[in-house]
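Reviewing the structure listed below.
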Amino acid sequence: MTAMLPVADDIERLRTLVGAALGLDLDQGKHALLAEVLRSRAHAMGVDAPAYLDALAASRQPQELRRLAAELTVTETSFFRNVEQFDAFGAVALPDRIAARAGTRSLRILSAGCASGEEAYSLAVGIRDCAGLAGWNVAIRGIDVNPSALRKARAGRYSDWSLRQTDSAQRARLFHSDGASFVLDGAIRAMVRFEERNLTRDDASFWAPDSFDVIFCRNVIMYFAPETMRAVIARLTRSLSPGGFLFLGHAETLRGLSTDFHLRHTHGAFYYQRKDTAEARRPIGFVPSRATEIRPAPSEAFAAHGTNWIGAIHDAARRIDALTAARPRLAAGTADDLRDAVALIERERFDEARELLCALPEARARDPEVLLLHAVLHSHGGDLAAAERVCTELLALDETNAGAHYLMALCRESAGDHPGALAQDRIAAHLDPGFAMPRLHLGLLARRAGERDEARRELRHALLLIEQEESARLLLFGGGFSRSALRALCRAELAACGGTA
């Protein structure tokens, strides 16, 4: 039969079914892919698109879901991809876990969403090369929802493209050529067990507590809907030993998904270490003092005098204080909601915002959102010790708070700690790639250090992000400067280091 082209309603129905069955969040950008997959699969089954979808919805085609997984999931990978994470695995995660498991001399590693096996086998190479694991019982498992990818993984036969990040010495040591293919050493293949599993489906025995010491789950959760992301991360967390390590993809973070991990940054890689039980239950003891005053610090304008960024914020805060001194105050007790506090900050009524936050019940005062607003107000007013203290308490509660890391960068810069400021900005930018201010600050720091190439790269990046940044966040973190003023600052700094927008 001739397959009719699917209509929009059919494509949307397939999107919904795939989301429910596989947890995949296939946005409008995948419209063409969904249409082609639906057309080809319906044709292969000898039915039209509506009949195919009816069968899929009725669960009469369980094998068809496996075929859809093979069609719709991305299997692009290579050996030692993002090698910085494998460096951190070998230099940090393995020694830590070896020390923790010295009593049992056993280690369990999981590659979740392993695709065709390159990642799992790369981990196996690191395990084999680790002298401290001689004589240990090490179990490495690779799981994926795509059965065809798993068949390739078990075969251990790869093209030159899969080895594009493998140097000639490693190729000679780990593979032998067979025509146009490269076959992985049998001893390495024997170290990994592959299984077909769907990360969105629970299995109490597989995801039992303390099941794994290290989990690699890279470039997987980014395809899930938010509620599925949270469920998958909760499942991974439950199965990971306290102190165990979680490696996500380069563009993935736990921001807004979990506070059960410490963020680690070594070897040029970001990754996570699960908090131990005592840390996870530790209460946060900081409550902002109702007597705390925020004092403006004198400063000259940043653009005119080349001072640090926090100095520019002080100057803007002082200007705003002068402009708002005569404004009428809201009646006391008219609001007890963060939206009101943010609205006051957006209207540059900082004293009232501060009073509102300090009047919140003690339980609310410990919320990360409240702490962040306190830190913003402290930084605007020049009390950097207070801002850093609040940020420290906030990050003890939620290490993935990008705003707190950015404010810490400002505090570290003001304290003369240039490496600390860079580290905090980089963490903020990693946690929230759309956050303009850490990129702008990185550009300013680089220019001041004479690193012109780095400055141009970061300032151009910041300029693009400023155009897309939420207005409310610019008001909170932009030191009182408007979008147009920040845009002008970026362009002026770019010109000063020999670049153009």
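Here's the yes/no breakdown for (1) part of a loop (DSSP other than H, G, I, E, B); (2) under 14 Å from Cys490 (Cα atoms):
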| position | (1), (2) |
| --- | --- |
| Ala429 | no, no |
| Pro433 | yes, no |
| Leu442 | no, yes |
| Arg447 | no, yes |
| Asp453 | no, no |
| Arg460 | no, yes |
| Leu464 | no, yes |
| Glu467 | no, yes |
Worksheet item: Restricting to segment 172-206, what's the tally of residues that are in contact with a helix residue (DSSP H, G or I) (Cβ under 6 Å, 6 or more places away or on another chain), over 24 Å from Arg67 (Cβ atoms) and not hydrophobic (A, V, I, L, M, F, W, C)?
Response: 1
Worksheet entry | Per-region count, segment 234-252, residues within 22 Å of Val145 (Cα to Cα) and either modelled with pLDDT under 90 or surrounded by fewer than 21 Cβ atoms within 10 Å (Cβ to Cβ) (or both) | 8
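Of the residues that make up segment 385-394, is at least one touching an Asp or Glu at 6+ places or on another chain (Cβ under 6 Å) and modelled with pLDDT of 90 or more?
no
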Item to complete: Please state which one of Ala124, Ala153 is touching a Ser or Thr at 6+ places or on another chain (Cβ under 7 Å), closer than 20 Å to Gly113 by Cα and part of a helix (DSSP H, G or I).
Response: Ala153
Item to complete: Just name the residue that is surrounded by the most Cβ atoms within 10 Å (Cβ to Cβ) out of those in segment 175-210 that are touching a strand residue (DSSP E or B) at 6+ places or on another chain (Cβ under 8 Å) and under 23 Å from Thr253 (Cβ atoms).
Response: Leu199
Practice prompt. Using the structure shown, decide if Ala385 is of a type in the set (Gly, Ala, Ser) and either buried (at least 24 other Cβ atoms within 10 Å of the Cβ) or touching a strand residue (DSSP E or B) at 6+ places or on another chain (Cβ under 8 Å) (or both).
Written response: no
Practice prompt. For residues that are at pLDDT 80 or above and among the hydroxyl-bearing types (Ser, Thr, Tyr), tally how many sit in segment 20-79.
Written response: 4
Discussion item. I need every pair where a residue in segment 48-63 that is in a loop (DSSP other than H, G, I, E, B) has its Cβ under 7 Å from the Cβ of a residue that is at pLDDT below 80, sequence separation at least 6 or different chains.
Written reply: Asp48/Met4
Worksheet item: Which ones in segment 469-487 are part of a helix (DSSP H, G or I), touching a residue at least 24 places away in the same chain (Cβ under 8 Å) and either buried (at least 19 other Cβ atoms within 10 Å of the Cβ) or of a type in the set (A, V, I, L, M) (or both)?
Response: Ala472, Leu474, Leu475, Leu476, Phe477, Leu486
Worksheet item: Mind checking whether some residue in segment 226-241 is hydrophobic (A, V, I, L, M, F, W, C), touching a Lys or Arg at 6+ places or on another chain (Cβ under 9 Å) and without any contact (Cβ under 8 Å) to a residue 60 or more places away in the chain?
Response: yes
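Whether any residue in segment 127-143 is aromatic (Phe, Trp, Tyr), touching a helix residue (DSSP H, G or I) at 6+ places or on another chain (Cβ under 9 Å) and not in a loop (DSSP other than H, G, I, E, B) is what I want to check. Even if it seems obvious, please write down each step before you answer.
Taking segment 127-143 as the starting set, the residues that turn out to be aromatic (Phe, Trp, Tyr) are 136.
Still in the list and also touching a helix residue (DSSP H, G or I) at 6+ places or on another chain (Cβ under 9 Å): 136.
Now narrow it down to the ones that are not in a loop (DSSP other than H, G, I, E, B): none.
No: zero hits.
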Practice prompt. Run down Glu399, Glu393 and say which single residue is closer than 19 Å to Ile427 by Cβ, in contact (Cβ under 8 Å) with a residue 60 or more places away in the chain and assigned to a loop (DSSP other than H, G, I, E, B).
Written response: Glu399
Fill in: Asn198, sole failed condition from (1) touching a Gly at 6+ places or on another chain (Cβ under 8 Å); (2) modelled with pLDDT of 90 or more
(2)
Fill in: Residue list for segment 157-174, filter: exposed (fewer than 14 other Cβ atoms within 10 Å of the Cβ), among the hydroxyl-bearing types (Ser, Thr, Tyr) and not in a helix (DSSP H, G or I)
Ser159
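The values are calculated or read from the model by the stated rules, or taken from the named source; none is laboratory data. Worth saying up front: this structure is predicted, and the values here are computed from it rather than measured. FYI the Cβ positions are ideal-geometry reconstructions off the backbone, even for glycines, and counts take in every protein chain you see.
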